[in-house]
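The values are calculated or read from the model by the stated rules, or taken from the named source; none is laboratory data. Because the structure is a prediction, the values reported are computed rather than measured. FYI the Cβ positions are ideal-geometry reconstructions off the backbone, even for glycines, and counts take in every protein chain you see. The accessibility values were calculated without ligands, DNA or RNA, using every heavy atom of the protein model including side chains. Shrake-Rupley method; radii C 1.70, N 1.55, O 1.52, S 1.80 Å.
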Amino acid sequence: AKDGGRHAASLYSADIDRWGTQRLKLRHEIRPAIELQQFVLHYQPQFRLKDNTIAGAEALVRWQHPKLGLLSPAAFLEIAEASPAINELGAWVFDEACRQLALWNQQGCNLVMSINVSARQLGNYSLPEMVASCVRKHGIDPGCIKIEITESMLSQDFSTAETVLLKLKELGFRIALDDFGTGYSNFTYLNRFPVTSLKIDRSFVQPITHDASALAMLNGIIGLAKSLKLSVICEGVETEPQRTMLRTTNCDLIQGYLTGRPVPPDEFFELFLPNRRQ
Ligand code: C2E
Ligand code: CA
Ligand code: CA
Ligand code: CA
């Protein structure tokens, strides 16, 4: 048993070591990977609750790594965010999502594209200029772009974030507060920052079918958001009973595995854009 324990322990540290080395390698591979076009965007649909029509998509980044296969953000995003390369990756994501949106909208779809930005990007005064030139380049109305931020970003560098968000709103972009309900959900953020919609995290959404107080809480949050004239989207909707329960609330949009997983653009087009012009 003693031997087995030691063996297990050494295996464990070897794993950590390997992961450490892996992280370091990945970190240096991010910049070249942008050039080599190894990053791809998958898109997840968002639907209107009242009539099941498609309202938009969220762009979610993946890394098609030549040795490790398709990596999800959990495998590299934290690493990227610790490096200045996150600004280049963020700019690439924005450009690619806008290019795709312009294409779909030319095909007769009227979608809003949700794009995630990282804390580093939001702490950078040049973000509004970058995104404004991007929509101009692709001939897109800024109102078709919804920039997703999280609360934790706002607590980090309050005044820069405020300046950047005000500028983005002035330019006509939509702004969503993402992951609402995780961490310190603070309603003062809703009032203080110029957000236009609230995206409620799945941890608030999923219990509503079996927990009456969870549903009461969700209704309270939605009511407050509505009184602030915000649109509301619930994420992580996985089951039909959850959707049925959400129909009793004032929620506007839903996103989740029930109505569609994140998929590559051609698959998105086939699956979710039936009213497109051929
Ligand atoms: P997020 O912004 O909260 O995105 C939603 C995540 O939940 C996605 O994971 C999505 O695949 C997953 N999801 C969607 N529907 C369901 C559902 O019904 N159930 C469950 N359990 N999960 C669902 P993904 O694609 O792995 O992305 C993880 C996170 O990485 C995102 O969370 C976002 O914070 C970040 N991220 C993704 N793409 C980008 C990007 O381009 N830039 C930045 N800065 N962050 C990104
Ligand atoms: Ca998001
Ligand atoms: Ca989220
Ligand atoms: Ca998240």
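Counting only residues that are open to solvent by less than 30 Å² (accessible area, probe 1.4 Å), within 21 Å of Thr21 (Cα to Cα) and in a strand (DSSP E or B), segment 40-85 holds 4 of them. Just one residue in the set Gln44, Gln106 is away from ligand 1 (no atom under 12 Å from the Cβ) and polar (S, T, N, Q); that residue is Gln106. Considering only segment 230-237, I want to know if a residue exists there that is open to solvent by 30 Å² or more (accessible area, probe 1.4 Å), more than 17 Å from the chain's Cα centre (by Cα) and modelled with pLDDT of 95 or more. No, the conditions are met nowhere in segment 230-237.
Going residue by residue through segment 199-211, is there one that turns out to be surrounded by fewer than 16 Cβ atoms within 10 Å (Cβ to Cβ), more than 20 Å from Asp157 (Cβ to Cβ) and more than 19 Å from the chain's Cα centre (by Cα)? Yes, segment 199-211 has at least one match.
Residues checked against (1) at pLDDT below 95; (2) among the basic types (Lys, Arg):
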residue: Ala102; (1), (2): no, no
residue: Ile115; (1), (2): no, no
residue: Gly123; (1), (2): yes, no
residue: Val131; (1), (2): no, no
residue: Ile140; (1), (2): no, no
residue: Lys146; (1), (2): no, yes
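Give the residue that is nearest to ligand 3 (Cβ to nearest atom), with candidates limited to residues of segment 171-192 that are touching a residue at least 40 places away in the same chain (Cβ under 8 Å) and either outside any strand (DSSP E or B) or open to solvent by 60 Å² or more (accessible area, probe 1.4 Å) (or both). Here the residue is Gly181. Out of curiosity, is Glu148 part of a helix (DSSP H, G or I) and either open to solvent by 20 Å² or more (accessible area, probe 1.4 Å) or within 16 Å of ligand 4 (Cβ to nearest atom) (or both)? Criteria not met by Glu148.
As a summary of the residue check, Gln242 satisfies the conditions (1) open to solvent by 60 Å² or more (accessible area, probe 1.4 Å); (2) part of a helix (DSSP H, G or I); (3) not basic (Lys, Arg) except for the one numbered (1).
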